[in-house]
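Report on one structure; see the data block that follows.
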Amino acid sequence: MPTDTVRARAACKFALRALAWSLGFFGVLRLGWTEAHAVLPFTHLQAALAVGLFGTPASPIDATLACSGTDALALCFGAIFGYPVQWRKRLLGAAAGAGVILALNISRIGTLGRAAASPSWFNALHVYVWPAVLTVAIGGYVFAWMRIADRRPATSGGADAPDPSGGVRLRPTGGFVVLTAAFLLVFSATSPLYLESAGVLALAGFIARAAAALLGMVGVGAQAAGNVLWTPRGGFLVTQECIFTPVIPIYLAAICAYSATMRRFTLGILATLPLFTALGIARLLVVALPDAIVTSSTFMVHAFYQLVVAAVLVFLAARWRHNGRAAVGRALVGLIGGVLFLQFFGPVYTRLVTRLASLPLDDPQGAIAFLPAFQVGLYLALWIAACFAVGWRLFVAGLAALALTQVAGLLALHSLVAHAGLTPHVRDVRGWAVAGPLLIVAAVVSVARSHR
C-alpha cells in the first residue's frame, strides 16, 4: 500500500516531467523554421476548414500564429507524455487529444469569424469564452484519459479477457468509445480536405478500373472511364465520398483500443489503405450479382457499407456472448433471420411505418425508405446472435421501443424538412439506421442485468 510520502513523490515527478515535456514542445513550436513551415500552414488549414464549416466571416479576420492552437497542444501533450503509463497509451492519448483540440480550435476560429461584425461579441468570445472552454476541455480530456489509462484489464470480463477457446473475448471499453467519438469528430471536421482531394479522386479512378477488370474476368462487360464504372446496368460514379466512409474512423478507433502490442497496432494502421481499397472494389462488384438476388444494384452499391457494418456488429455481438464455433453459428443464424425478415416482411413493415410517419421525403438513395425494415432486421439478428437467453418479453419490449423511435424520428425528420428546410445527409440516416438497434439491444441487456 503506497504511503502519502510515496504518492507525493510520484505526483511531484509527474509534475516535473509534464512541465519538461510542455516546455520542450513550446520551444520546438517557437522555432522560426517550425513556425514558418509547420505552424503557419497548420493555422491556415484550420482557417480554411472553419470557413468551409461555418461560412465566410462576417468581417475579414486574420488567422495568425496565435490562432494555431499549438499552445493548447503543447500543454495537453506535456501532461500526457509526462504521465507514467505505457508509450502506446501515451501515443493514443496524444492522437485523440490532438483531434479534440483541433476540432475545438476550428470551431473557435469559425465562431469568431461569424461574430466579427460585432466587436463586443468578438472580444467576449476571443478573450473570455473560448480560452475558458479550451482550458476546461483540455483539463477534462487529460483527466479522463488518465482514468482510462490507469485501468487494468480484469481477469474476466475485460476488454482482452481470455476465453476457454484460447482466443480473446472482446468487450466494449471506455477507451474505444472515446477514440471513436474523437476520430469521428476529426473525420467530420476535415471533410473538406478529402472530399475535394485530387489524390483521393485518383484512388477512386483506380478502384473503378480494378472493379472493371475483375468484372471482365467473370464475364460481365464493364469498362472504366476516369472514376466512372460502366456496366450493362448503367454507370456508377466513384467519388471521394464513396471512399472516405465513416467506417474508417471507427476501424482506426478499434485498432487503437484493442491492439495488445505495437506490432498489431502498426499492422492494423498499415492495413487501412489496402483494406478499404479492397472494400471499395468489392462494393462495385455488387453489380455482378444476378437480378434474382439484387433487384437494384445501384441501391446495393450505396448501402454496401451499411450492410457490412451490420454484419460485423452481428459477428462481434456473437463473439462477445459465445465462444469459438458457437459464436460463428449464432452470428450466421442471426444474419439469416435478419435477411429473411427483410425479404418476406420488410416491405409490409416499411409501408406501415411510413404511413404513420407521413412520408414520403426526398430520398435519392433510398436510405430513409430502407431504414425501418433494416433496423428491425438488424435488431433481430443481434438478438439471435447474443441475447436469445434474455427472454421473449424483453425482446418484444425492445422491438416496440425501436418501432416508436422509428415513427418519432421520421415524424421529426418530416417536420424539419417541411418547416425548417433542413435535409439530413444520407450518411447521417445510415448512421441512425445502424446505431438505433444497437442502442436498443444494449439498453435491453442492461435492464436484464439489473433484474438479476
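All of the numbers you see were taken from the coordinates with simple rules; none came from a lab. Just so it is clear, the model here is predicted, and its values are computed rather than measured. When we count neighbours, we look across all protein chains shown, and the Cβ atoms used for this are built from the backbone with ideal geometry, even at glycine.
Tabulated data for the structure shown
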quantity	calculated
Anisotropy class of the range 172-302 from Cα gyration tensor, a/c 1.5 cut	prolate
Helix-only mean residue ellipticity at 222 nm for the chain, each DSSP H run of n ≥ 4 adding -39500 (n - 2.57), per residue, nearest 500	-22500 deg cm²/dmol
The range 1-157, Cα convex hull volume normalised per residue, Å³	139
Helical segments meeting 27 Å axial Cα length and Kyte-Doolittle 1.0 threshold in the chain (DSSP H)	130-150, 198-217, 324-344, 392-415, 426-450
Compactness of the range 306-452, expressed as Rg and Dmax over alpha-carbon positions, Å	15.7, 52
Relative intensity, log₁₀ I(q)/I(0), of the chain from a Debye sum that treats every alpha carbon as a point, q = 0.10, 0.11, 0.14 Å⁻¹	-0.94, -1.12, -1.51
Per-residue Cβ neighbour rank within 10 angstrom, fewest leading, LEU275, LEU75, LEU252	LEU275, LEU252, LEU75
